[in-house]
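Following: one structure in structure tokens, then a few remarks.
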Amino acid sequence: MSAGSLSGRTVLVAGATSTSGAAVARALTSAGAAVVAVGTRPDALEALRASVPGVTTHACDLADLGAVTALAAAVRSTSGPIDGLVHLVGGWRGGRGIAGQPDDDWDFFDRAFRTLRNTTRVFYDDLVASPAGRLAFVSSTAVDSPTAGAANYAAAKAASDTWVRAVAQGFRKDAPDSAAATVFVVGALAGLEERLGDEVVRLWSAPPADVNGARLPLPLSLG
């Protein structure tokens, strides 16, 4: 998309201090969006501001519903309602077979799921009210091909994947002509961060019905 194609749109990037978060924030700002970048570490957010000029940053524990509610009030007071939510919170952890799936890993993945659940509930009305509301989430091929060694990871990703598609059903009912929730499916995100940024931006040029509820594979190699 050309520069300015998202002019006037405000997009919140959750998990913005990751490599993929920075790439998505950069792609969105280049397309004209006002980007609200959210993370937990102030030092990483400061580094993001330096590398992606123009982003607005907020430190927030997105696993805390009260903190997300306060974040929404702060964002709306300064930037207005959001038009997009890109959820990039999470990461990979593997175990050793079914019996070797650690509880601390499950707690990590469960916390990431809660950040998705909290942000989509709190910002749902913004996305429905927007003339071009979009939700994007990155899932994994492990959902369709789970392994014993990655059971925790696959189960949590499956829950998040399902949640996003449930949001999509809500959009079909509440804003069928304007809102869309999309799942990008990858085997591994490393090396695909810039491509992800481009594909996120393209969501705003696609008809909502074409991408709402869709699970879109992200190529495993650039080309």
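Taking Cα pairs under 8 Å and at least six residues apart, what relative contact order does the chain come out at, in percent? Write out the running numbers ahead of the final one.
Numbers: 438 pairs, mean separation 45.5, N = 223.
It comes to 20 percent, rounded to a whole number.
Given a cut-off of 27 Å, what percent of all Cα-Cα pairs of region 52-185 lie beyond it?
Details: 2274 of 8911 pairs.
The proportion of pairs with Cα distances above 27 Å equals 26 percent.
How high is the relative contact order of region 78-128, in percent, with contacts defined as C-alpha pairs under 8 Å that are six or more residues apart?
Values: 20 pairs, mean separation 27.7, N = 51.
Relative contact order, region 78-128: 54 percent.
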**Q.** Rounded to whole Hz, the Karplus (6.51, -1.76, 1.60) HN-Hα couplings of region 151-165, x for glycine and proline
**A.** 4, 4, 4, 5, 5, 5, 5, 4, 5, 5, 4, 5, 4, 5, 5
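Would you mind putting 68-76, 115-123 in packing order, based on average other-beta-carbon counts within 10 Å, highest first? Don't jump to the answer; show the numbers that get you there.
Values: 68-76: 17.2, 115-123: 21.6.
Ranking, from highest mean packing down: 115-123, 68-76.
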Q) In the chain, carbon and sulfur make up what percent of the accessible area (probe 1.4 Å)? A) 53 percent
Q. For labels at Thr147 and Ala74 in the simple 7 Å Cα→Cβ model, what's the distance in nm?
A. 4.0 nm
Q) What whole-number value in Å² describes the accessible area per residue of region 59-164 for a 1.4 Å probe? A) 43 Å²
**Q.** Qualifying GluC sites (Glu not before Pro) for region 133-215 [loop in DSSP, other Cβ within 10 Å: at most 10]
**A.** none
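Please give the FRET efficiency for Ala129 paired with Ala190, using the beta carbon to beta carbon distance and R0 = 41 Å, rounded to the nearest 0.05.
On the way: r = 36 Å, r/R0 = 0.87.
Calculated transfer efficiency: 0.70.
Taking 8 Å as the Cα distance limit and 6 or more residues as the minimum spacing, I'd like the relative contact order of region 178-218 as a percentage.
Working: 34 pairs, mean separation 30.4, N = 41.
For region 178-218, the relative contact order is 74 percent.
The values are calculated or read from the model by the stated rules, or taken from the named source; none is laboratory data. Keep in mind that this is a model prediction, so the values were computed, not measured. Ideal geometry is used to build each Cβ from the backbone, glycine not excepted, and the neighbour counts take in all protein chains shown. SASA here: full protein model, heavy atoms, side chains in, ligands and nucleic acids out. Shrake-Rupley method; radii C 1.70, N 1.55, O 1.52, S 1.80 Å.
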